[in-house]
């Protein structure tokens, strides 16, 4: 009878793979289509925890209000959302600038949904709230175009590195003579 032996590096590798795959555990390739009257709103703390969410936000996410409040906004972040886009958002918020972009999010049951999200930094003296997000549905042509870009960025991040994805995005936007917010507005203006 043969006994199996594991090296410490094998266990480390297994743990690393499990951590990498965890966000994909309940992902299904099914889109949740938003109603055109849907307007989700949430307020997020300086520690990226949800401090307020409206009924539309709760309904879309599939989580209860109790499950959402005081938990990380990462709860609804789709694992295939390019990190570079999230870095752009963070950069603008820290600079006190409003930014608008298209996000791919996930629901509690693993479906995905697209939103046009406006991130507005907090300007009041309440320093516990860092920013507010208002999200609405997006047109089909915008989804098609942003999916191509985000798939490319995601592949560059995972197969090469984040720096390559960043350079690609900067080149892409420079070629169009647009900022990320301007490109987002351009996509939303396209007729489906």
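The values are calculated or read from the model by the stated rules, or taken from the named source; none is laboratory data. Because the structure is predicted, anything quoted here is derived from the model rather than measured. Note that each Cβ is placed from the backbone with ideal geometry, even for glycine, and that neighbours are counted across all protein chains shown.
At-a-glance table
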quantity	calculated
Every residue from the range 131-143 that is surrounded by fewer than 20 Cβ atoms within 10 Å (Cβ to Cβ) and over 12 Å from residue 35 (Cα atoms)	132, 134, 140, 141, 143
For residue 140: the one exception among (1) more than 20 Å from residue 49 (Cβ to Cβ); (2) touching a helix residue (DSSP H, G or I) at 6+ places or on another chain (Cβ under 7 Å)	(2)
Top-ranked residue in the range 61-77 [being touching a strand residue (DSSP E or B) at 6+ places or on another chain (Cβ under 6 Å) and buried (at least 20 other Cβ atoms within 10 Å of the Cβ); ranked as farthest from residue 172 (Cα to Cα)]	68
Count of residues meeting criterion [surrounded by 15 or more Cβ atoms within 10 Å (Cβ to Cβ) and free of Cβ contacts under 8 Å to residues at least 40 places away in the same chain] in the range 144-154	2
Condition met for residue 129 (at pLDDT below 90, within 18 Å of residue 60 (Cα to Cα) and touching a strand residue (DSSP E or B) at 6+ places or on another chain (Cβ under 8 Å))	no
Qualifying positions in the range 163-192 - part of a helix (DSSP H, G or I) and touching a residue at least 40 places away in the same chain (Cβ under 8 Å)	165, 166, 169, 180, 181, 184, 185, 187, 188
